[in-house]
Every structure is written in structure tokens, then in C-alpha cells.
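Readers should treat all values here as calculations from the given coordinates under stated rules, not as data from a laboratory. Being a predicted model, the structure only gives us computed values, none of them experimental. Note: ideal-geometry Cβ built from the backbone for every residue, glycine included; neighbour counts use all protein chains shown.
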Amino acid sequence: MRSTPSSETYDLVADCTGPKSATVTVRDLAVEVDAPETSGGRNRGPTPVEYLLAALAGCVNVTGIHVAREMGIDLDITAVRVSGDLDVSTFRTGEGDRAGYERIGISVEVDTTADAAEIDAWRRETERRNPVLDTIARPTPVEVSISTA
């Protein structure tokens, strides 16, 4: 991870172990990406689109707790549920308007003594400061390069 005073760069490597699977190394951790057996995978890990939702759920938790502490709100997040509607026809056949999620919903369960106004202010600030949510909700430039062996 490289950093400057206001930004950090996160790097990872995916060792592609099959047509539907990869071992992704992040820092000194390895995570498996795979597909269900019904889709030709070995079911050794979530799919990439499932990892995206998992990243969002995890970031809601981390950002939400950070913001609550900063705001002085007594609040614990007990669960984050994320669901998304994905039209898989573009991925599978090339037909369709969009390859990405058409809708993502987030439900956050909290244990708190805060009143409704404090919870609403906390929710808005948590949404504003969540890097994964921001990356999904707003266009982010992506550069793809190809190298040959």
C-alpha cells in the first residue's frame, strides 16, 4: 500500500486458478473467488459480484462505527444486510443494457440510545463518508491494461 498525505493506494493480485476461480492476495491474506458448482465453479468462495456486496456491507459497518464514535453517538451495528438485483443476460450472452447491478439495497440494524434525528444525521454522514458506497454510486475512472506472456 502506497500513501501520500491525503490518499492511499491499495494493491492486490489475483492468481487465476481456473475459468471461474482465482486466489486473490491482499497484504498477507488470501481469499478465494469462485462460482457455484451449478455455474461451473467449485464453490470455494463467493463470486465477484457477491464480494462487491460483501465489501459494501463491511464498509457500512466500519464507516458507521467510526462516524458514530466521532459524533459521540452511542451506537452499535448488529447486522448489515445487502441485496442487489443483477440482470445476468449481459454477462452471459452480451445482450442487455447493463452488466452491473440495477439496484442495491442496504439494511442496517443498530442498537442505540440515539433519537431519530441523531440516527438520520449519522446515516447521512455514514453514507457520505463510505468509500465503497461512493465508488459504486458515483462514476469512478477505471483503466484497463493488457500484457501478453
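Structure above, values below:
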quantity: Qualifying residues in the stretch 25-59 (those that are surrounded by 14 or more Cβ atoms within 10 Å (Cβ to Cβ) and acidic (Asp, Glu)) - the one farthest from TYR101 (Cα to Cα); calculated: GLU32
quantity: Within the stretch 100-126, tally of residues that are in contact with a strand residue (DSSP E or B) (Cβ under 9 Å, 6 or more places away or on another chain), assigned to a loop (DSSP other than H, G, I, E, B) and loosely packed, with under 11 Cβ neighbours inside 10 Å; calculated: 1
quantity: Given (1) of a type in the set (Gly, Ala, Ser); (2) closer than 30 Å to GLU8 by Cβ; (3) in contact with a helix residue (DSSP H, G or I) (Cβ under 8 Å, 6 or more places away or on another chain); (4) in a loop (DSSP other than H, G, I, E, B), number of the condition SER147 does not satisfy; calculated: (3)
quantity: The stretch 56-99, residues that are in contact with a Ser or Thr (Cβ under 9 Å, 6 or more places away or on another chain) and among the small types (Gly, Ala, Ser); calculated: GLY64, ALA68, ALA79, SER83, GLY96, ALA99
quantity: Strands (runs of 3 or more DSSP E) lying entirely in the stretch 12-99 (those with 2 or more residues that are over 30 Å from ASP111 (Cα atoms) and among the hydroxyl-bearing types (Ser, Thr, Tyr)); calculated: 21-26
